[in-house]
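A short write-up of the structure that comes next.
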Amino acid sequence: MPLVRVDLLSGRSRDERHAIGDVIYQAMRATLNVPENDRFQIITEHPAGDLVIDRTYLGIERTDACVFIQVTLNGGRTVDMKKAFYKAVADGLHERVGLRREDVFISLVEVVKENWSFGNGEAQYA
């Protein structure tokens with residue numbers, strides 16, 4: 001039931017955007033125990049100047065190619081699972097689309113199950 005939002009600068013091809021979504025989904029399945037077919041993703045391109053990217057926060061050198069990934073998901077994953085997810089995404093994006101690992105910014109937002117409605121105005125997991 002994760003909801004994935006990806007924000008990046010305009011200019012990537014449709015194939016690259018789809019590959020980014022594929023990598024994230026595969027990493028969630030492999031590391032966060034996300035069930036098959038639980039894929040909800042929003043990929044948004046922004047014009048230059050609409051993404052503010054600190055170039056050196058925490059000593060990590062970032063470029064304009066930086067991709068912001070925010071995943072809203074149920075709480076309960078361990079720190080080790082989260083670390084494995086971060087690594088799987090960074091490695092996968094590097095391998096699939098040539099993105100530098102330094103340019104992969106990930107944020108997890110944990111919520112309780114009753115905060116979801118997948119349709120019909122119902123709280124399916126409440």
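The values are calculated or read from the model by the stated rules, or taken from the named source; none is laboratory data. Note that the structure is predicted; figures quoted are calculated from it, not measured. Neighbour counts are summed over all protein chains in view; Cβ atoms, including those assigned to glycine, are modelled from backbone coordinates with ideal geometry.
Yes/no per residue for (1) crowded, with 18+ Cβ neighbours inside 10 Å; (2) part of a strand (DSSP E or B); (3) touching a helix residue (DSSP H, G or I) at 6+ places or on another chain (Cβ under 9 Å); (4) not charged (D, E, K, R):
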| site | (1), (2), (3), (4) |
| --- | --- |
| 1 | no, no, yes, yes |
| 11 | no, no, no, yes |
| 26 | no, no, yes, yes |
| 29 | no, no, no, no |
| 37 | no, no, no, yes |
| 43 | yes, yes, yes, yes |
| 55 | no, no, no, no |
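When you check residue 96 against the structure, is it surrounded by fewer than 14 Cβ atoms within 10 Å (Cβ to Cβ) and among the basic types (Lys, Arg), yes or no? Judged against the criteria, residue 96 is not a match. In summary, residue 65 fulfils each of the numbered conditions (1) under 11 Å from the mean Cα position of the chain (by Cα); (2) closer than 15 Å to residue 93 by Cα with the single exception of condition (1).
When residues in the range 80-126 are screened for being part of a helix (DSSP H, G or I), of a type in the set (A, V, I, L, M, F, W, C) and either at pLDDT below 95 or under 18 Å from residue 40 (Cβ atoms) (or both), 2 of them pass.
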